[in-house]
1. Please list, ordered by residue number, the strands (runs of 3 or more DSSP E) wholly in the range A:11-130 having 3 or more residues that are under 30 Å from B:Y40 (Cβ atoms).
2. Select, from B:P60, B:P69, the only residue that is loosely packed, with under 15 Cβ neighbours inside 10 Å and touching a helix residue (DSSP H, G or I) at 6+ places or on another chain (Cβ under 9 Å).
3. Taking the options A:E84, A:E67, A:E79, name whichever one is free of Cβ contacts under 8 Å to residues at least 24 places away in the same chain, among the charged types (D, E, K, R) and open to solvent by 10 Å² or more (accessible area, probe 1.4 Å).
4. Can you tell me which residues in the range B:34-51 are more than 14 Å from chain A (Cβ to nearest Cβ) and not acidic (D, E)?
5. Please state which one of A:S242, A:S218, A:S247 is away from every other protein chain (no Cβ under 12 Å), surrounded by 16 or more Cβ atoms within 10 Å (Cβ to Cβ) and touching a helix residue (DSSP H, G or I) at 6+ places or on another chain (Cβ under 7 Å).
6. Just for the range B:13-33: of the residues that are within 11 Å of another protein chain (Cβ to nearest Cβ) and free of Cβ contacts under 8 Å to residues at least 60 places away in the same chain, which one is surrounded by the most Cβ atoms within 10 Å (Cβ to Cβ)?
7. List pairs: first in the range A:1-21 and closer than 25 Å to A:D93 by Cβ, second part of a loop (DSSP other than H, G, I, E, B) and open to solvent by less than 80 Å² (accessible area, probe 1.4 Å), Cβ under 6 Å, 6+ apart or cross-chain?
8. So which of B:T46, B:T78 ends up being over 24 Å from B:G10 (Cα atoms) and touching a strand residue (DSSP E or B) at 6+ places or on another chain (Cβ under 9 Å)?
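The values are calculated or read from the model by the stated rules, or taken from the named source; none is laboratory data. Here the structure is a predicted model, which means the values were calculated and not measured. FYI the Cβ positions are ideal-geometry reconstructions off the backbone, even for glycines, and counts take in every protein chain you see. Quick note on the areas: whole protein, heavy atoms, side chains included, nothing else; ligands and nucleic acids left out. Shrake-Rupley method; radii C 1.70, N 1.55, O 1.52, S 1.80 Å.
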Amino acid sequence: MNSLEQLQDYIKTKNNSRNFINISDVPEVCKTEPCMLGVDEAGRGPVLGPMVYGIAYCPVNKNSILESLGCADSKALTEEKRDEILLKMFTNDDAVNNVGWAAEIISPSYISNSMYKRAKHSLNEVSMDSAIKLIKRVAESGVNLTEVYVDTVGPPEKYQARLSQIFPDYKITVAKKADSIYPIVSAASIVAKVTRDHCLKVWHFQEGLEMSYKEFGSGYPGDPLTKKFIRDQIDKVFGYPSLVRFSWSTAEVMLQGKAATCTFEDVDDDGQTKKANTKSISSFFTMPNENGTKKRKRHKFFEERYLSMKNAFE
Amino acid sequence: MSIQVENNLGNGDNKEVFEQRAHFIPCKVEEDGEANVKKYFEPYITDDSGDLTATFRGYPLDGTKIALPEGYRAVIATETKRPLAEDADRRFQVAGGFKEVIYWNWDKKPSKNDNLTKAMDWIDIAAAIHGD
């Protein structure tokens, strides 16, 4: 990748309802020198667009390069500044020869589908899976990893235990706000954030909607443009275009009020289909059938196949 | 009361009208009428050698194609206005038809234990009992 336009073009070639990975070449020095790797995510909270997991890695003794690129707390950087830093990571010789990166783009459809599985797969699990996948991918491509730093929103202990179990040879540090402490995590954060921003910029609605990111906003539920989008772009039957994370309460609540009611079969906490086989208490007090004749039961064949006599034009 | 079904669409030569694709969704949708299936649903169908996936309202679906039983065809009939009286005559118009049904389950691979597939057994049994 040589420019942000190239990044956009690459994103455009991908189906935006599926996940995909964008990954740099491995700098030669990273195959021999011990390396550190940072992990961070972007777009966890928004109701619109993908969530992006980013990683960056470089030799342990090359922190100075990261600092000279300007990798610091990415939340304190402006969008322009982040774009500029990623562009440097793509083109600056010192960066290209020492710092590798990768991003996984996790589509909004994938997020909703995971959270609406029969056995629910939470966003934390989706996040961890992505981080693990990216670290493995980098290790398999020959990078000599020794240290891993992860930024997390959730409880660090569980995350750290899981990663240490999978990667026992690395020194692993999971911390809140790691983004502002470790420059390698800041770099990962910039990769993730800029990738997400550009995903939204080139978002193509497969539903045929002609709308740009300037109209639907940042995707955060508090953004007035996003609010307007969530309120106005409702299809009675299908709900929303696939840009929207249906599993977010902002979207759920809006659809409950404004779209056709949809009822899936009920599932209780064990993922089992509910069966109403307990008689209600009042049924014991009602009079038996007046003339005492029982309604003739249909043969088991029909019962098992859910077949009954009905007027098709009812 | 009698039920009349009129067909102003011809004898079924028009493939676009009579060979549409029907989707059987594992969800009760409280709405009748046209739906933007082509825009909102079909772009997201994936086909891995017959194992289909799709998404509806964020729910993951697994599907499979079901052919209509031999000798049968499916017709869509619509009623402009339902008469108020219970026993009044009813008139329906043929609005189209389909030859193929895609059967969808919510996050569960379709199998011969699915209700619709089981109900189809009746077609063969009925032919054996009531046929010539």
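1. Here the list reads A:20-23, A:51-59, A:100-106.
2. Checking each option against the conditions leaves just B:P69.
3. Criteria check complete, one pass: A:E84.
4. Result: B:S49, B:G50.
5. Answer to the selection: A:S218.
6. B:V29
7. Listed pairs, sorted by first residue: A:L7/A:M1; A:Q8/A:V202.
8. On inspection, the qualifying residue turns out to be B:T46.
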